[in-house]
Amino acid sequence: MTRRPAPKIAAYAGVAAVALLAGLALGRPEPVAVAAPLAVLVVAGLAAARDPELDVDATADRDRAIVGDEVTVEVRLRAHRAVDRLELLLVVPPGLEGPGGAGGVPRTPPGSPGGTGPGRSGRPWALAVTLAAGEERTVTVTLACRRWGAYRLGDLHLRAHDRFRLLCWERHLDLQAPLKVFPEPEALRALVRPFETQVFTGSQVSRHRGEGIEFADIRPFLPGDRPRSVNWRATARRGEPWVNQRHPERNTDVVLFVDSFLDVRGQRESTLDLAVGAAASLATAYLRQRDRVGLVGFGGFVQWLQPGSGQGALYRLLDTLMETQVFATAAWKGIRHLPPRTLPPKALIVALSPLLDQRAVAALFDLLARGYDLAVVDISPLTGAAAVDGEWGPLAMRLWALQRETLRHRYQRLGAAVVEWTAEVHLQQVLLEVETCRRRAVPAPG
Amino acid sequence: MPAPRRARTRLACRLAAVAVAAALALLPVAQTGDPLRPLLAWLAGLGLLLAAGAAWHPAALLGPALTVLLAGYTVALLGLGGRVHAWAPVVGAGLLLFGELACWAREAHPLVRDEPPATKARAAVLAASVVTALGLGALVLLAAGLPAGGALARLAVGVLAATATLALVAVAARPTATR
């Protein structure tokens with residue numbers, strides 16, 4: 001621990017010295033009587049002060065949680081010597097909320113791009129206790145998870161004081177306990193169906209014909225056809241054997257494209273919050289129906305996961321997703337920075353983007369030009385943007401909205417389904433709109 | 001409601017510190033005659049201003065505030081003539097009380113929740129310090145009345161005591177890294 005003197009030592013000692021000198025100069029005992037308590041307090045306090053001996057340990061009761069859960073951090077203290085006052089200060093990261101409102105959801109002015117991400121310094125929670133010699137104490141702090149993200153808990157500052165508050169001892173412990181807070185997945189009944197399916201068995205009805213359940217067509221019998229495929233009604237009507245053809249059930253490859261270049265924070269949620277929450281919900285829903293899901297986090301940091309299936313892929317994807325944050329950079333990023341296997345052929349790419357940064361906008365155009373099956377969920381920053389007063393404010397907002405609409409039309413003309421998503425609308429409704437939009441859209445030439 | 005209680009503790013400490021400083025500043029003014037009264041009034045005003053500043057925020061103002069209050073009392077002593085001022089122990093204890101209350105006001109940060117035993121222990125130490133200061137001041141005044149050597153011997157003892165106090169403080173109060 002580092003020992004520091006209190007500022008009052010200098011004040012008391014200086015005043016005592018001045019008073020003693022005044023007493024000598026005036027030849028009177030009163031200044032000495034005034035100085036004596038200050039001098040004695042300083043001398044006796046410094047002589048009696050002993051370095052505190054403390055054992056400190058802190059643990060969290062879990063390392064994964066869902067938004068809304070509570071995580072308990074236990075700080076165990078053991079004093080070998082008595083400590084008159086020990087201040088414990090636990091830094092609560094933004095996104096978590098401690099007792100009495102410490103920490104909490106990061107606040108930035110509504111509508112400001114590039115808001116804070118998880119991991120910035122937060123507001124502390126503090127407690128002062130008294131410890132007797134040999135006393136063990138466990139202090140429990142309950143933190144409420146208010147926002148998704150990957151956090152580090154256990155940034156603990158200790159400050160011990162002696163009885164007369166003349167010295168203080170400080171120590172910093174960073175226990176680096178990891179905590180990942182996942183967004184609560186929304187229940188999705190209908191998902192965006194890709195134009196093309198893959199070769200493995202799944203839950204999506206393929207457009208091709210083969211062995212399956214869904215009826216597709218009938219055709220004349222050929223050697224090798226199974227007798228159970230014979231359509232007896234058509235055979236009787238045409239006088240020769242005809243068989244049923246069916247659509248096979250296949251899996252699909254879905255790549256979730258999360259744009260993390262910019263984050264526009266509204267009163268409740270930000271565009272990145274919505275994107276990450278939607279990506280987690282989509283990944284859970286697609287993986288439940290045995291599709292393969294990959295991830296591209298496209299922002300200052302480009303991170304990717306090749307499509308995978310099963311519970312392991314879900315955990316990998318959620319873990320990667322939780323580390324998404326806005327990282328300001330001017331470097332140009334493009335699709336060519338991604339490994340080829342990240343975007344497999346015939347994969348459906350669901351882009352979750354506020355369509356604000358030109359690099360993300362250009363990357364989506366690039367994907368369309370390469371013939372990928374693309375659906376864009378445009379997370380509208382307009383609702384989170386602060387209302388602008390004055391003569392030109394509403395006009396600027398209207399121009400911005402028109403500009404965004406033009407951009408969406410450009411995507412639609414190239415064959416992508418684009419739907420605007422505002423925070424008030426449920427994700428399921430947005431997905432249904434995307435599906436409706438895709439029925440009308442023509443796939444880009446591949 | 002812990003947060004308002006912490007804020008109340010802080011405010012109470014600040015107000016008490018200013019009240020003690022006001023009493024210390026006005027005592028010499030009340031007990032001194034006309035020639036020195038305007039000067040003491042100015043000193044009292046300045047002392048009160050610095051005391052309020054020390055109680056509210058900057059730690060650097062504590063020393064100047066104590067010095068000005070002490071200066072006011074010392075100037076008042078000049079007008080008393082040869083008789084010993086019996087209120088000196090009260091002034092000494094008052095200065096100590098003001099300093100401790102100002103420090104407590106800074107210590108009682110609204111962010112830090114003090115457990116009740118810690119607050120009680122702090123109040124007990126403060127009360128004991130003030131009582132001890134009163135006794136110590138009275139003891140000094142009594143000891144000054146005893147015949148003990150000549151003026152040169154007293155001067156030597158005084159200079160030695162002041163030097164030793166400053167040296168001890170300088171050695172003991174340096175910041176060090178311990179275990």
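The values are calculated or read from the model by the stated rules, or taken from the named source; none is laboratory data. Predicted model only: the values in this text are computed from it and were never measured. Note that we place each Cβ from the backbone using ideal geometry, even for glycine, and neighbour counts take in every protein chain shown.
Brief remarks follow.
- Qualifying positions in the stretch B:56-68 - more than 12 Å from the chain's Cα centre (by Cα) and crowded, with 18+ Cβ neighbours inside 10 Å: B:Leu61
- Restricting the stretch A:15-39 to residues that are at the interface with chain B (Cβ under 7 Å from one of its Cβ atoms) and surrounded by fewer than 19 Cβ atoms within 10 Å (Cβ to Cβ), the residue that is nearest to the chain's Cα centre (by Cα): A:Leu21
- Checked against the criterion of being of a type in the set (Gly, Ala, Ser), touching a Phe, Trp or Tyr at 6+ places or on another chain (Cβ under 7 Å) and closer than 22 Å to A:Val264 by Cα, the stretch A:320-328 has no qualifying residue.
- The stretch A:50-87, subset of a type in the set (Gly, Ala, Ser) and either facing chain B (nearest Cβ under 10 Å) or not in a strand (DSSP E or B) (or both), residue surrounded by the most Cβ atoms within 10 Å (Cβ to Cβ): A:Ala82
- Of the criteria (1) within 25 Å of A:Gly68 (Cα to Cα); (2) surrounded by fewer than 24 Cβ atoms within 10 Å (Cβ to Cβ); (3) touching a residue at least 60 places away in the same chain (Cβ under 8 Å); (4) not acidic (Asp, Glu), which one A:Leu272 fails: (2)
- Check on A:Leu262, surrounded by 20 or more Cβ atoms within 10 Å (Cβ to Cβ), in contact with a strand residue (DSSP E or B) (Cβ under 9 Å, 6 or more places away or on another chain) and not β-branched (Val, Ile, Thr): yes
- Qualifying residue in the stretch A:318-326 (condition: charged (D, E, K, R), surrounded by fewer than 16 Cβ atoms within 10 Å (Cβ to Cβ) and farther than 26 Å from A:Gln358 by Cα): yes
- For B:Leu97, the conditions (1) more than 9 Å from chain A (Cβ to nearest Cβ); (2) surrounded by fewer than 20 Cβ atoms within 10 Å (Cβ to Cβ) are fulfilled apart from (2).
- Yes/no for A:Val181 being in a strand (DSSP E or B), farther than 22 Å from A:Leu89 by Cα and either modelled with pLDDT of 85 or more or more than 14 Å from every other protein chain (Cβ to nearest Cβ) (or both): yes
- Among the residues listed as A:Arg163, A:Arg159, A:Arg193, A:Arg147, the single one being under 30 Å from B:Val130 (Cα atoms) and assigned to a loop (DSSP other than H, G, I, E, B): A:Arg163
This table checks each residue for (1) basic (Lys, Arg); (2) at pLDDT 90 or above; (3) within 29 Å of A:Thr406 (Cβ to Cβ).
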{"residue": "A:Val302", "(1), (2), (3)": "no, no, yes"}
{"residue": "A:Ala313", "(1), (2), (3)": "no, yes, no"}
{"residue": "A:Thr329", "(1), (2), (3)": "no, no, yes"}
{"residue": "A:Arg341", "(1), (2), (3)": "yes, no, no"}
{"residue": "A:Leu355", "(1), (2), (3)": "no, yes, yes"}
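- Among the candidates B:Ala123, B:Ala102, B:Ala118, residue that is free of Cβ contacts under 8 Å to residues at least 12 places away in the same chain, hydrophobic (A, V, I, L, M, F, W, C) and at the interface with chain A (Cβ under 9 Å from one of its Cβ atoms): B:Ala118
Here is a yes/no grid of residues against (1) more than 10 Å from every other protein chain (Cβ to nearest Cβ); (2) surrounded by fewer than 22 Cβ atoms within 10 Å (Cβ to Cβ):
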residue	(1), (2)
B:Ala17	yes, no
B:Ala25	yes, no
B:Thr32	yes, yes
B:Ala54	no, no
B:Leu70	no, no
B:Gly82	no, yes
B:Val90	no, yes
B:Arg113	no, yes
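For every residue, the table says whether it meets (1) at pLDDT below 85; (2) in the same structural domain as A:Gly300 (by TED's automatic domain parsing); (3) out of contact with any Asp or Glu (no Cβ under 7 Å at 6 or more places or on another chain).
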residue: A:Asp61; (1), (2), (3): no, no, yes
residue: A:Thr72; (1), (2), (3): no, no, no
residue: A:Val83; (1), (2), (3): no, no, yes
residue: A:Leu89; (1), (2), (3): no, no, yes
residue: A:Gly100; (1), (2), (3): yes, no, yes
residue: A:Arg107; (1), (2), (3): yes, no, yes
residue: A:Gly111; (1), (2), (3): yes, no, yes
residue: A:Pro118; (1), (2), (3): yes, no, yes
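- Verdict on A:Pro7 being outside the structural domain of A:Leu158 (by TED's automatic domain parsing) and under 53 Å from the mean Cα position of the chain (by Cα): yes
- Of all residues making up the stretch A:200-241, the number that are under 30 Å from A:Asp291 (Cα atoms), touching a strand residue (DSSP E or B) at 6+ places or on another chain (Cβ under 6 Å) and of a type in the set (A, V, I, L, M): 3
- Qualifying position, being under 19 Å from B:Trp104 (Cα atoms) and assigned to a helix (DSSP H, G or I), among B:Ala30, B:Ala21: B:Ala21
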